[in-house]
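Below is one structure, written out as structure tokens; the observations come after it.
The numbers here are math on the coordinates, done by the rules we state, and not lab data. Being a predicted model, the structure only gives us computed values, none of them experimental. Neighbour counts are summed over all protein chains in view; Cβ atoms, including those assigned to glycine, are modelled from backbone coordinates with ideal geometry.
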Amino acid sequence: QVQLVESGGGLAQPGGSLRLSCAASGFTFSSSAMRWYRQAPGKERELVAAVSSGSGVTNYENSVKGRFTISRDNAKNTVYLQMNSLKPEDTAVYYCNAYTWTGRGSVNYWGQGTQVTVSS
């Protein structure tokens, strides 16, 4: 029943912009911390950005600070990642993640990922 569906990936030129969306269902979105991860071929998965549930506090990986913005719309059960000033090193599969609580404890949910390619 739980689903996280990413969209908005694709090809962009260096300096360009993309906006990723993640539509969530099957759990209480408003009480869940939401995160974006990315993984490039041959590299470790890394946390890109996160937004908390109640307060909406955000944090970012250093290399994307000032360029990427994470936001959430609880009425739409959707989290976004606005990516500006894109660089080739941003090329990766981007994954949506939810950290939340069930009756048994905490759990992580993952989307299937969306490809972002930055190239001239």
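Straight-line reach only, C-alpha to C-alpha below 19 angstrom: list the aspartates and glutamates that Lys43 could link to, leaving out same-chain residues fewer than 8 apart.
Leaving aside aspartates and glutamates fewer than 8 places away in the same chain, those within reach of Lys43 are Glu61, Glu89, Asp90.
Can you tell which of Ser31, Ser63, Ser53 shows the greatest fluctuation in a Gaussian network model of the chain with Cα springs below 10 Å?
Its mean-square fluctuation being the largest, the pick is Ser63.
Can you compute the charge dipole magnitude of the chain about its Cα centre, using +1 on each Lys and Arg Cβ and -1 on each Asp and Glu Cβ, nothing else charged? Give it in debye, rounded to the nearest 20.
The dipole magnitude comes to about 120 debye.
Obtain the nm distance between the two label points defined at Asp73 and Gln1 by a simple spin-label model: each point lies 7 Å from its Cα along the Cα-to-C-beta direction.
About 2.5 nm separates the two model spin labels.
Quick one: Kirkwood hydrodynamic radius for the range 25-120, alpha-carbon pairs, angstrom, one decimal?
For the range 25-120, the Kirkwood estimate is 14.1 Å.
Compute the Cα gyration tensor for the range 1-71, then decide on rounded, prolate or oblate, letting a ≥ b ≥ c be the square roots of its eigenvalues: rounded whenever a/c is under 1.5, prolate when a/b is larger than b/c in the other cases, and oblate in all that remain.
In terms of gyration-tensor shape, prolate.
For the chain, what proportion of DSSP beta bridges, expressed in % and rounded to the nearest 5, is antiparallel?
Antiparallel bridges make up about 95 percent of those DSSP assigns within the chain.
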